[in-house]
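Throughout, read-outs are computed from the coordinates displayed, never taken from laboratory work. All figures in this text were calculated on a predicted structure; none of them were measured in a lab. Heads up, the Cβs are rebuilt from the backbone with ideal geometry, glycines too, and the neighbour counts pull from every protein chain shown.
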Amino acid sequence: MSWEVVIGLEIHAQLKTNSKLFCHCSAAFGDTPNTNICPVCTAMPGVLPVLNKKVVDSAIKLGLATNCKINSINEFSRKNYFYPDSPKAYQISQFDKPICLAGYLNIMVNNELRRIDITRIHMEEDAGKLVHQGSDNISGATHSLVDLNRCSVPLLEIVSEPVIRSATEARLYMEKMRQIIRYLDIGDGNMEEGSLRCDANVSIRKRGDIKLGTKTEVKNLNSFKSVEKAINLEIDRQIDILEDGGTIIQETRHYNEATASTTSLRSKEEAHDYRYFPDPDLVPIVIDELWIETIRKELPELPEAIQKRFVNDYNLPTDHSVRLTSIKKLAEDFENAYKNRKNENITPLETANVALKYYDYFLSNNLDFSKSNHASFQIGGLTFLVNTSTVSSSTITSILPDIVNTNYDPIEYVKEKGLAQVSDTGELKSIIQDVIKENPGPAEEIKSGKMQTIGFMMGQIMQKTKGKANPGLANKMLKELLGIS
Amino acid sequence: MIHLNAHELFNKIKNKEVSALELTNAFITHSKKTNAVLNSYNLITEEIAINTANRVDKKIATGEKLEIFEGVPIAIKDNICIEDIETTCSSKILEGFKPPYNATIIEKLNAMNMPIIGKTNMDEFAMGSSTETSFYGVSKNPWDISTVPGGSSGGSAVAVASGQAPLSIGSDTGGSIRQPASFCGIVGVKPTYGRISRYGLMAFASSLDQIGPFSKTVEDSAHLLNILCGYDFRDSTSQNVKAEDFTRDLNRSIKGIKVAIPKELYNSSLSKEVKDYYDQLINKLSNEGIIFEEIELPSLKYALSTYYIIAPAEASSNLSRYDGVRYGYRSENANSLIEMMTKSRSEGFGDEVKRRILIGNYVLSSGYYDAYYKKAQQVRTLIKEDYKKAFETYDVILSPTTPTPAFKPGEKTANPLEMYLNDIMTIPVNLAGLPAISIPCGMVNNLPMGLQLTGNVFEESKLLGISNQLEKILCFKLNNSFIEGVL
Amino acid sequence: MYFHIYAIHSSYVKIFFVMITKETIKHLAVLSRLEFTEKQLDNFSHDLENIFNYAQMLNEVDTTGIIPSSHAMPLQNVFKEDRVIPYHNIEKIMANAPLEESHAFRVPKILAD
Ligand SMILES: [Mg+2]
Ligand SMILES: [Zn+2]
């Protein structure tokens, strides 16, 4: 049987604001329990909400960046449900008048463009945190503690259409969303801290069927890895059930990263009826063209546009330009390094190669690239060294640990440490002649056509020069001296 | 001294005939003495009242000029938050709750150095028209203690009518200031929605609630409104309008003003006795050069139904925060979260509150929202439009404040709908957000009756001006001799 | 699911008789986190039935195309600045907690036995 997978994602992105959605408490993460609270966000009797304008601006930004239509008349509604992490016993959210509608994002899956449609984006407040006591999880707990620091921190909920066809697509879409959120600088997209979360609605159907299968909602996906893993687990589980002649129950399932499995959350006895209605404590938000245009002008250049530009203007391979735009700062650092190049003949590709090497070093060592204030300058310097054959590109890798997160000029550094390649032909010539003399056998092998032995001879040259011989030049001269060029 | 109105008392303080402390003590003493019978207070806040009075006396001693009503005591309905002072909404569920903050109007009264002498009794969460739903028992109408004072701001009305305080604060969601003012023979004002900040007023129905004053005279209310009104950034529904002096029209002539009497309020629900009384009154006023015209406001017929859908809907959500988690009453008889919440709420709320929570949840339920809640909101739009049209022609709209004078406890509790019908005159005004006032106009069956005047939005000054002139013509005097009789 | 509306007649306008059963009240009670005795269920179903039958008069009103009013007064675009103003009376909030533990509100176990 051939199955088709149908996935819709609900992404919750926490916004990077100073204060909460409806009060002046700090929206900071991770403080001591109940220290960023006030009468408003703890729902003391008599308090009233006042909307943080920056949240509306951020929502418009994301809406424009994801090709959405911005609704001109917006309204907040109350979503009524009892739970101790929701002190008003209603969440202030948007219901039938969300701020953004009908957008999409393009992602690349196996070198193919896939368009993921976005149903809506709306503004809402986060809930507080429950810490269960006496057990690792809710079921064994003796009691729970309510911390309201996170309560009423602003969120955007981004709901996709059920058009995602695989766990990998889901992950790629989520990664793309995070990239855009970070480019817009409206959220930090940090999944470990919960500032980017998602729930996945997963169902399967026979290929060719039009009717959707029964879906389950998988929650607690707090890393890109778990998004992919949990959805694949759920797909397998559903296929197993259906192929055994069973039926899927519509339910919420909780992903446990430690055991790599999903479990059913005990279905609640009551049907959900949130009794949404417009919040009478808040007034409508009317967004006119002027407001939208003002935001549009503030929008930064987005990754897709930059990629296109890098390919067109700099003739970079697509792969390079995609990698360079993975984060905004890298794209900027690359471009600045190229624009301030120290040699006219330095090419964009040379700069890009160095920039990517530089960035990879941060990634593989878990360093924070956003804090590397001298990246552009150092990328420029390193590219110059490569361009002038002062050092080999492998030498760059060995220099990086010493210079990143310092304000070292790589050119000065190489000079100080005496790392410059030996490119003096006179000096190299006498070294190579020595090597040939000391290794007559291998020399003869090369002369008789056994080219593999060149590697051995190059190794001997590098040993004598402590790795500083310009490899291209040395190779060329060796061949000349052996009379085979 | 306790029989004097606020303005007279203020002059006595200003002229150093009496110190603020002496005056405050006189009201506290009288309040304590009479509260045993009238049950108008949930709490007498002697300490903060005396501190404030002392501040005023210090000011006088240093020769500083007093602003109007400095040193004049005031009683506050028990649904308005005062920092550190138990505020209960007359509900068991808020037993022991001490707000961590002051309502905006409390900040204003504190800034004006008005001694707060107590928190007044009310219907639980302001749901009721008689104070009978209070967890702390019914208040007594000082005109006849066998009758109710009206509600929900019954305690605040009793306090002013019985000389316990010259001024008090109430809140009005469907008539909760005007109806008890009428029953107790005093002045009560519900300003335009958004005139007075709701920040710190424990919400009943957010789109209808409005704070307002009780006083013995229209002039006192006008002065008090000057203190209470104003934009508040903490309340998104607060109206950012220019400050005005609400006393400016008090002496303006009312000859030739046009007054509309809506048939829907005047004809339908009045007994012959009451109707005859008001007919006579209108005749009398016509002789003063006021032009009365009967008009039709067809949508007003539906105001009560509309109100009893919208108000409970908002209330059901507003009252969900009372879950035993962060403050107030928590049941001890629970061993799971859901049980704790359910039992705390079931043991903490009274029947009328529960009834309205049920109504509210019903009309908001999926499948019923459009038929009830949305429909009611649409009718609300029509009610607003009807009023808007009327104010194109008329200066004010007049009706009795209540269909009957004060009734006896238990008389209407058996049938909730009958209790709700008591609000039929006052409810339309809240739906439309309009300002309205009730002034005493005379007696029926030896009990006071009120005249309700409704103005166009933001036309409080005009409304108060007309009311002040009517007050002079009607010449209604509070008879305080019953206070001595009670004791 | 527990609600029933019966049309008793319809000539010019639709007039319904609303029946509120005890089951309806039980369902609403769960939504409201309330619990009732049998007698209360009887009383409340009776009260609500009366009230909703009275409110049926709204069906006489033609509201086609009428915009619903959520507010008494028209207002729009009311905002606060994105500025942190720390609240200094947190201990007064915590002091109201029926049960406090580790500077948090303590609640009974979420799942019943
Ligand atoms: Mg949501
Ligand atoms: Zn807060």
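From the residues A:98, A:128, A:29, which one has its Cα farthest along the dipole of segment A:3-295 in the positive direction, the dipole being from +1 and -1 charges on Cβ of Lys/Arg and Asp/Glu about the Cα centre?
The one lying farthest along the dipole's positive direction is A:98.
Placing one identical point scatterer on every Cα of segment A:301-417 and ignoring solvent, what is log10 I(q)/I(0) from the Debye formula at q = 0.19 Å⁻¹?
So the normalised log intensities work out to -0.96.
Roughly how crowded by other chains is peptide C:49-61, in terms of the mean Cβ count from those chains within 10 Å of each of its Cβ atoms?
Mean inter-chain Cβ contacts per residue within 10 Å come to 6.
Quick one: putting +1 on the C-beta of Lys and Arg, -1 on the C-beta of Asp and Glu, what dipole do you get for segment A:301-417 around its Cα centre, in Debye to the nearest 20?
Roughly 20 debye for segment A:301-417.
More than 27 angstrom separation, counting every C-alpha pair in segment A:342-485; what % is that?
The calculated P(r) of segment A:342-485 puts 34 percent of pairs beyond 27 Å.
Exposure proxy check: B:89, A:25 ranked by fewest other beta carbons within 10 Å?
With the fewest neighbours first, B:89, A:25 line up as A:25, B:89.
Convert 4 °C to kelvin, take the viscosity as 1.567 mPa s, use the Kirkwood radius over C-alpha pairs of segment B:55-210 as Rh, and evaluate the Stokes-Einstein diffusion coefficient in µm²/s, rounded to a whole number.
83 µm²/s
Taking only the C-alpha atoms, wrap a convex hull around the protein assembly as shown and report its volume per residue in Å³ as a whole number.
Spelled out: Cα convex hull of the protein assembly as shown, divided by residues, is 229 Å³.
So how do A:135, A:160, A:261, B:139 line up by other beta-carbon neighbours within 10 Å, fewest first?
A:135, A:261, A:160, B:139
Sticking to Cα atoms, compute the Rg of segment B:231-376 to one decimal and its Dmax as the biggest Cα-Cα distance, whole number, in Å.
23.4, 71
For segment A:201-321, report the translational diffusion coefficient in µm²/s to the nearest whole number, using Stokes-Einstein at 10 °C, 1.306 mPa s, and a Kirkwood Rh over Cα pairs.
Here the translational diffusion coefficient equals 81 µm²/s.
Kindly provide the Kirkwood hydrodynamic radius of segment B:17-106 in Å, to one decimal, from all pairs of distinct alpha carbon atoms.
Result for segment B:17-106, one decimal place: 14.5 Å.
Take the alpha carbon atoms of segment B:418-454, find their center, do the same for segment C:58-111, and report the distance between the two centers in whole angstrom.
Each part's Cα centre sits 31 Å from the other's.
Quote the convex hull volume per residue of chain A, based on C-alpha atoms, as a whole number of Å³.
Convex hull of Cα atoms, per residue: 228 Å³.
So if I restrict to the alpha-carbon atoms in segment A:1-116, what is the Rg, and what is Dmax, the biggest pairwise distance, in Å?
Cα only, segment A:1-116: 18.2, 60 Å (Rg, Dmax).
Which lysines have a Cα less than 28 Å from the Cα of residue A:308, not counting those fewer than 8 places away in the same chain?
A:61, A:69, A:176, A:297, A:328, A:329, A:339, A:342, A:357, A:371
Spit out the partnerless Cys residues in chain A, using Cβ distances under 4.7 Å as the pairing rule.
For chain A, the answer is A:23, A:25, A:38, A:41, A:151, A:198, because their Cβ atoms have no other cysteine Cβ under 4.7 Å.
Assign unit charges at the C-beta atoms only (+1 for Lys and Arg, -1 for Asp and Glu), then state the dipole size of the protein assembly as shown relative to its Cα centre in Debye, rounded to the nearest 20.
Here the protein assembly as shown has a charge dipole of around 1120 debye.
Considering only C-alpha atoms, what is the centroid distance from segment A:1-62 to segment A:67-92, in Å?
10 Å
With a 10 Å Cβ neighbour count serving as the proxy for reagent exposure, in which order, fewest first, do A:357, B:216 appear?
In order of increasing Cβ crowding within 10 Å: A:357, B:216.
Quick one: Cα centre-to-centre distance for segment B:134-207 and segment A:469-485, in angstrom?
When both Cα centres are located, 103 Å separates them.
Please name whichever of A:472, A:454, A:435 sits farthest to the positive end of the charge dipole of segment A:425-481, dipole taken about the Cα centre and charges placed at Cβ: Lys and Arg +1, Asp and Glu -1.
A:472
Past the 32 angstrom mark, what percentage of all C-alpha to C-alpha distances in chain B do you count?
35 percent
Restricting to chain B, what percent of DSSP beta bridges are antiparallel, rounded to 5?
Taking every DSSP beta bridge within chain B, about 65 percent pair in antiparallel fashion.
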